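The values are calculated or read from the model by the stated rules, or taken from the named source; none is laboratory data. All values reported here derive from a predicted model rather than from experimental measurement. Methodologically, a virtual Cβ is constructed for each residue, glycine included, from the backbone with ideal geometry; neighbour enumeration extends over all protein chains shown.
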């Protein structure tokens, strides 16, 4: 009987060693993973603020938060998908290899080349295993990266993604999901749509500039730090940015007939792109981004409005009454989170301009206070 055990024990040790080797080998084995980088519409030519030209993908090891993957991809949208609500989106597929049965935090940063200041983005490109996720907290895009003629910087983060051998994945220990990992990036900018109207034709000729003042110098990659705390936006601001120069005589005014039979001249400009901004004291108007209108008409003084997602009722009367307070229970909030759309109409009168209340919505939809796309 003892002689039988002498033969069995080496076999058991051998099988155990094989199993251990197989598990270790499986962990070191790499599997191609596929990401779908989604735009937000089916035509990025019509909607240039959906354009994604470059995506940097970073992977971090959750226990140590060390950077284990870092690569910049040139994006080419090739496929179209139908979303759950029936709309279409363009999709670019990105593939690379990662270890099987391993959990990662993935970070996506799009359109970093929109930023003319490469100082901080050079740090981003240099992230290796000697760096951790916390170093992303003090990286940012400069305000110059946000312009209607540039692809808008975007980011997203997907944590706790497990890569499996079956070309599938799970997130936060959930059920297996087959197919590519979906990555929808969030714009770090704010869309501003402006309309000006007047029934006094000569008044439109006195408009000189529309300026945006008090813009932040930098926009962090994320609104929250890696540990969930608020990121401290710098209080450093850049000089006013002229978004419309009416003196160049290229601005188009359209005339229509009002319900009262009067001529109404209307000027519109949509998709003015400005940086987002968040600060700890949301009711501090001094930190808000301002929209300023300047004139050559000596009767007018410079008019302005502090932008925000829940600012006061900003409608002025013809007698320069101060703006009304917000409705009860609605405190001032002068911050502008990522991916927000603001709509504003100004009515030019005989002695002033009436700035109507700001309408806040998602980037394309019209739902009030709906900040999702």
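Please go through region 279-310 and give me each residue that is buried (at least 21 other Cβ atoms within 10 Å of the Cβ) and assigned to a loop (DSSP other than H, G, I, E, B), ordered by number.
288, 289, 307, 308
Which is out of contact with any helix residue (DSSP H, G or I) (no Cβ under 6 Å at 6 or more places or on another chain) and either at pLDDT below 90 or not assigned by TED's automatic domain parsing to the domain that holds residue 99 (or both), of 111, 131, 172? Reasoning before the result, please.
Details: 111 fails: either at pLDDT below 90 or not assigned by TED's automatic domain parsing to the domain that holds residue 99 (or both); 131 fails: either at pLDDT below 90 or not assigned by TED's automatic domain parsing to the domain that holds residue 99 (or both).
Just one listed residue meets the conditions, 172.
Taking region 347-359, which residues are crowded, with 17+ Cβ neighbours inside 10 Å, closer than 24 Å to residue 216 by Cβ and at pLDDT 80 or above?
Selection gives 358 alone.
Could you go through region 141-151 and let me know if any residue there is assigned to a strand (DSSP E or B) and more than 25 Å from residue 70 (Cα to Cα).
The answer is no; no qualifying residue exists.
Tell me, which residue of region 252-263 that is surrounded by fewer than 16 Cβ atoms within 10 Å (Cβ to Cβ) and touching a strand residue (DSSP E or B) at 6+ places or on another chain (Cβ under 6 Å) is farthest from residue 363 (Cα to Cα)?
Narrowing region 252-263 to residues surrounded by fewer than 16 Cβ atoms within 10 Å (Cβ to Cβ): 252, 254-263.
Add one more test, that the residue is touching a strand residue (DSSP E or B) at 6+ places or on another chain (Cβ under 6 Å), and what stays is 254-256, 258, 263.
Details: 254: 25, 255: 28, 256: 28, 258: 29, 263: 31 Å.
Filtering first and then ranking leaves 263.
Out of 182, 197, which single residue is assigned by TED's automatic domain parsing to the domain that holds residue 75 and either within 26 Å of residue 70 (Cβ to Cβ) or in a strand (DSSP E or B) (or both)? Can you show your working first?
Values: 197 fails: assigned by TED's automatic domain parsing to the domain that holds residue 75.
The match here is 182.
Would you pick out the residues in region 215-230 that are surrounded by fewer than 17 Cβ atoms within 10 Å (Cβ to Cβ) and either over 22 Å from residue 57 (Cα atoms) or modelled with pLDDT of 90 or more (or both)? Break it down into steps so the answer makes sense when it comes.
First, pick out the residues of region 215-230 that are surrounded by fewer than 17 Cβ atoms within 10 Å (Cβ to Cβ): 217, 224-225, 227-230.
Selection gives 217, 229, 230.
Residues in region 231-240 that are out of contact with any helix residue (DSSP H, G or I) (no Cβ under 8 Å at 6 or more places or on another chain) and either at pLDDT below 90 or in a strand (DSSP E or B) (or both): how many? Give the steps one after another, and end with the answer.
As a first pass, look at region 231-240 and keep what is out of contact with any helix residue (DSSP H, G or I) (no Cβ under 8 Å at 6 or more places or on another chain): 232-234, 236-237, 239-240.
Remaining after also requiring either at pLDDT below 90 or in a strand (DSSP E or B) (or both): 232-234, 236-237.
Count: 5.
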